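The values are calculated or read from the model by the stated rules, or taken from the named source; none is laboratory data. Just so it is clear, the structure is predicted and the values come from calculations on it, not from any experiment. Cβ placement follows ideal geometry from the backbone for every residue including glycine, while neighbour counts extend to all protein chains displayed.
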Amino acid sequence: MTLQSLRRADVAIRRRVTLASLFHDLAAIWGGRRLTTDAGTDLVLTYDDAADRVDRWAAGLSLRIDHGDRVVLAMRNGYDQLLAASAVSRAGGIAVPVNPQMRASEIDHVIADCDAAVVVRSVDDLATPIESVAPHLPAPDEVAALFYTSGTTGRPKGAALTHRSLVGQTTSAVLWPGHLRRDEVVVALPVAHIMGFVTLVGLALAGIPTFVMERFRSDGVLDAIESRRATGFVGVPAMYRMLLEAGAADRDLTSVARGCRVPT
């Protein structure tokens, strides 16, 4: 059994991975493998890149927050919001991701309701000259993040989720045979919503690269799947209906239907 296989088995069986350690644990497994591509900027990150990004941001945040402080992440929707949440946890804080499409008054309510110590509105707010600090290593049953409802039946309400519930439930995905396949999944979900957040966590664990779109657009998703020969798309039922209405039946989406194997 290879060292990589042993590390994958350890992640899957022990389920000790937390939001704070996630990208460092995965960098030790997947290293220079592509993690994600940002559809808007064409930025490509490997697992090593992601771990370095989390380290730098955590270092800067550690100078601004105390253990248990809430950090609201009112950032552009994309992979950086997930990495920022990991950085907050690594710095000892509790991440509070919010959908940037929420009304300003709703975001202000979240900031006040969770008693935020810091509000991050872009990656520029995370810039720091410090490369790294000793990381905070929380227990799996500690609170990792607060996710707020959309407020459709009242003001947004926060739900506290532990590291085990956010990361531990998907650790078995690390056993996906990524070394035998060529996969890529198109994702156009809000990262500040639990479905989008856990989807990206699970795909990262599986070693499956993602193509992340800031917003869902039917034509954009179909173009991405067709041109990139993506092997998957994750969405809510309404999205699939909109894809059909946009002419999905007339597109070449066979890469999703059958997946793509790595030639032997």
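Cβ-Cβ distances below 7 Å connect the following pairs, each with a first residue in the stretch 211-224 that is in contact (Cβ under 8 Å) with a residue 60 or more places away in the chain and closer than 16 Å to D183 by Cα, a second residue that is crowded, with 18+ Cβ neighbours inside 10 Å and among the aromatic types (F, W, Y), and a separation of six or more residues or different chains: V212/Y79; A224/F211.
Residue-by-condition table, conditions (1) closer than 24 Å to A204 by Cβ; (2) in a loop (DSSP other than H, G, I, E, B):
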site	(1), (2)
N77	yes, yes
A84	yes, no
M102	no, yes
A116	no, yes
D125	yes, no
P129	no, yes
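Among the criteria (1) modelled with pLDDT of 95 or more; (2) crowded, with 20+ Cβ neighbours inside 10 Å, the one T171 does not fulfil is (1).
None of A188, A139, A145, A204 is in contact (Cβ under 8 Å) with a residue 24 or more places away in the chain and in contact with a Pro (Cβ under 8 Å, 6 or more places away or on another chain) except A145.
Just one of D141, D125, D115 is touching a helix residue (DSSP H, G or I) at 6+ places or on another chain (Cβ under 8 Å) and either modelled with pLDDT of 90 or more or over 30 Å from T2 (Cβ atoms) (or both); which is it?
Details: D125 fails: touching a helix residue (DSSP H, G or I) at 6+ places or on another chain (Cβ under 8 Å); D115 fails: touching a helix residue (DSSP H, G or I) at 6+ places or on another chain (Cβ under 8 Å).
Matching residue, one of D141, D125, D115: D141.
Within the stretch 234-251, how many residues are in a helix (DSSP H, G or I) and either exposed (fewer than 12 other Cβ atoms within 10 Å of the Cβ) or of a type outside the set (S, T, Y) (or both)? The number of residues fulfilling the criteria is 11. Taken over the stretch 179-203, the criterion of being assigned to a helix (DSSP H, G or I) and β-branched (V, I, T) is satisfied by I194, V198, T199, V201.
Condition check ((1) surrounded by 18 or more Cβ atoms within 10 Å (Cβ to Cβ); (2) of a type in the set (A, V, I, L, M, F, W, C); (3) in a helix (DSSP H, G or I); (4) at pLDDT below 95) across all residues:
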| site | (1), (2), (3), (4) |
| --- | --- |
| A20 | yes, yes, no, no |
| I29 | yes, yes, yes, yes |
| L35 | yes, yes, no, no |
| A58 | yes, yes, yes, no |
| D66 | no, no, no, no |
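With respect to (1) modelled with pLDDT under 95; (2) in a loop (DSSP other than H, G, I, E, B); (3) crowded, with 17+ Cβ neighbours inside 10 Å; (4) out of contact with any Asp or Glu (no Cβ under 6 Å at 6 or more places or on another chain), the lone exception for T153 is condition (3). The residues of the stretch 204-229 that are within 20 Å of H193 (Cα to Cα), polar (S, T, N, Q) and part of a helix (DSSP H, G or I) amount to a single one, S218. Residues that are within 16 Å of S21 (Cα to Cα) and either over 16 Å from the mean Cα position of the chain (by Cα) or among the charged types (D, E, K, R) (or both) within the stretch 35-57 comprise D48, D49, D52, R53, D55, R56, listed in sequence order. Does the stretch 110-124 contain any residue that is closer than 15 Å to Y148 by Cβ, under 20 Å from the mean Cα position of the chain (by Cα) and not hydrophobic (A, V, I, L, M, F, W, C)? Within the stretch 110-124, not a single residue is closer than 15 Å to Y148 by Cβ, under 20 Å from the mean Cα position of the chain (by Cα) and not hydrophobic (A, V, I, L, M, F, W, C).
Regarding the stretch 158-166, can at least one residue be identified that is β-branched (V, I, T) and touching a residue at least 60 places away in the same chain (Cβ under 8 Å)? Even if it seems obvious, please write down each step before you answer.
Step one: filter the stretch 158-166 for residues β-branched (V, I, T), giving 162.
The next check asks that each one be touching a residue at least 60 places away in the same chain (Cβ under 8 Å); those that pass are none.
Checked against the condition, which is being β-branched (V, I, T) and touching a residue at least 60 places away in the same chain (Cβ under 8 Å), the stretch 158-166 yields no hits at all.
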